[in-house]
Amino acid sequence: MTATVQGAEAKPEAPRIAVLRLEDAMTAFKQYKEGMEKLKKEVAEGQAAIKAMEDRLQELDSRIQVMKPDSADFAKITEEFEVTKLKEQMMVKRGNEDIDRRRANLVRESYASVRAQLSAFCQERGIKLVHLAPNPELQAQNNKELNLQLFAQSVLYYDATLDITDAFIPYLNEHWNADAKAPAPAPAPPVGK
């Protein structure tokens with residue numbers, strides 16, 4: 001069914017399409033920034049604890065170097081050195097695994113929030129499809145990475161008027177509630193519509 005406007009047939013409005021610079025949106029998002037700051041602080045605290053263990057290891061090693069192997073304290077200090085060294089290695093391993101896991105969770109939760117807010121933002125503005133803005137430059141170090149990066153691009157060109165990033169970032173931060181639970185992932189569009 002088409003309406004007529006002053007004798008001319010009105011054409012249906014084309015679906016609104018936009019692009020988003022996702023990296024810019026994520027790094028400007030308060031949830032992500034606050035989470036990264038917290039992680040950086042905890043990494044610094046962990047590094048300080050590791051530094052204290054390394055200092056203790058140096059102190060013990062210096063004591064071991066001047067001791068005679070048959071002295072009464074040699075075995076005790078050597079054992080403390082080995083135990084401290086093992087604790088340091090375990091602390092580094094567990095710390096790295098924990099930080100990697102928490103960073104991945106932060107990205108996952110921030111991405112879910114971005115998608116949920118992007119859905120609301122687009123619905124308010126009649127935008128039906130948002131593409132990732134292409135990377136302006138390929139930054140790969142070798143041919144394999146270059147090809148992966150090149151062929152991962154789904155958009156090769158867009159007019160700057162389609163970029164909603166600068167309008168979306170303030171909306172995203174205004175609608176984010178630090179006390180709220182992470183939103184469920186935005187629903188996938190229905191098939192066939």
**Request:** For an R0 of 45 angstrom, estimate the FRET efficiency from the Cβ-Cβ distance between Asp159 and Asp179 and round to the nearest 0.05.
**Result:** 0.70
**Fill in**
Counting sequence-distant residues (5 or more places) and residues on other chains, those with an amide H built under 5 Å from that of Ala133 are Leu20, Arg21, Leu22
**Request:** Report the FRET efficiency, 1/(1 + (r/R0)^6), for Ile77 and Thr27, where r is their Cβ-Cβ distance and R0 is 41 Å, rounded to 0.05.
**Result:** 0.25
**Asked** For the pair Arg115 and Gln139, how long in nm is the line joining their label points, each one 7 Å along Cα→Cβ?
**Response** 2.4 nm
**Request:** Once every Cα of region 58-103 carries one equal point scatterer and solvent is ignored, give the base-10 log of I(q)/I(0) from the Debye formula at q = 0.24, 0.31, 0.33 Å⁻¹, two decimals.
**Result:** -0.78, -1.02, -1.08
**Prompt:** Using a simple spin-label model with points 7 Å from Cα along the Cα→Cβ vector, what separation in nm is obtained for Lys41 and Ala152?
**Reply:** 3.2 nm
**Request:** Report, as a whole number in µm² per second, the diffusion coefficient that Stokes-Einstein gives for region 15-175 at 37 °C and 0.692 mPa s using the Kirkwood radius over alpha carbon pairs.
**Result:** 163 µm²/s
**Prompt:** Over region 15-175, what relative contact order in percent results from Cα pairs under 8 Å that are six or more residues apart?
**Reply:** 47 percent
**Message:** Filter Lys40/Lys76; Lys41/Lys144; Lys41/Lys87 down to the pairs with a C-alpha to C-alpha distance above 25 Å, please.
**Reply:** Lys40/Lys76; Lys41/Lys144
**Message:** Give me the dipole magnitude in Debye, nearest 20, for region 15-175 about the Cα centre, with unit charges on the beta carbon: positive for Lys and Arg, negative for Asp and Glu.
**Reply:** 480 debye
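Values quoted throughout were computed directly from the atomic coordinates according to the rules given, and no laboratory measurement underlies them. Remember, predicted model here, so these are calculated numbers, not experimental data. Positions of Cβ are backbone-derived with ideal geometry, glycine not excepted, and every protein chain shown enters the neighbour counts.
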